[in-house]
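What follows is one structure encoded as structure tokens, with my remarks underneath.
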Amino acid sequence: MYQAEAERLSRISDEYRGEENKIVYDNESFHMPSYVSMYNFDNTCEYAILEEEHSVIHYIYLQFTDKNKIKFDQNLLPDSYNSESIHEGVQHIRP
């Protein structure tokens, strides 16, 4: 089931006003490989982290959330979450 879901995530895309947006595989901005649909777009992050060694996928959605108020493992956040170095609008897949 893990492999099938990871494969499904890799194929996510959406067309909006004639432009196709695809989910982005990222193995540099997170502690584990991730599929990112939004990264600091309108203060929102939406992504899935692949914890391959345990066959677990973490689905994360954050909007206007201060890092100090997050109650889950901080290793599930992007490396630059709530920092000056985070860049705007890397990817945005519309639902």
Provide the per residue accessible area, probe 1.4 Å, for the chain, rounded to a whole number of square angstrom.
67
His31 to His54: extension gain in nm, 0.36 nm per residue of separation minus the Cα-Cα distance?
6.8 nm
Considering only protein heavy atoms and a 1.4 Å probe, what is the carbon-and-sulfur percentage of the accessible area of segment 26-67?
43
Within the chain, what is the longest stretch that has no trypsin sites (Lys or Arg not before Pro) placed in a DSSP loop and near at most 16 other beta-carbon atoms within 10 Å?
18-70
Identify the GluC sites (Glu not before Pro) of segment 1-85 meeting these criteria: DSSP loop state and at most 14 other C-beta atoms within 10 Å of the C-beta.
Glu28, Glu84
Of Val24, Val36, Val56, the most mobile residue in a GNM of the chain (C-alpha springs, cutoff 10 Å) is Val56
Only one of the listed values, (1) 2.34; (2) 1.07; (3) 1.75, was derived from the coordinates as Cα Rg over 2.2 N^0.38 Å; which label is it?
(2)
Name the longest site-free stretch of the chain, where the excluded sites are chymotrypsin sites (Phe, Trp or Tyr not before Pro) in a DSSP loop with no more than 13 other beta-carbon atoms within 10 Å.
1-63
Using r as the Cβ-Cβ distance of Gln74 and Ser10, and R0 as 30 Å, what FRET efficiency do you calculate, to the nearest 0.05?
0.70
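The values are calculated or read from the model by the stated rules, or taken from the named source; none is laboratory data. Here the structure is a predicted model, which is why all the values come from computation and not from measurement. For neighbour counting, all protein chains shown are included, and Cβ atoms are generated from backbone atoms with ideal geometry for every residue, glycine included. All accessible areas refer to the heavy atoms of the entire protein, side chains included, with ligands and DNA or RNA removed. Shrake-Rupley method; radii C 1.70, N 1.55, O 1.52, S 1.80 Å.
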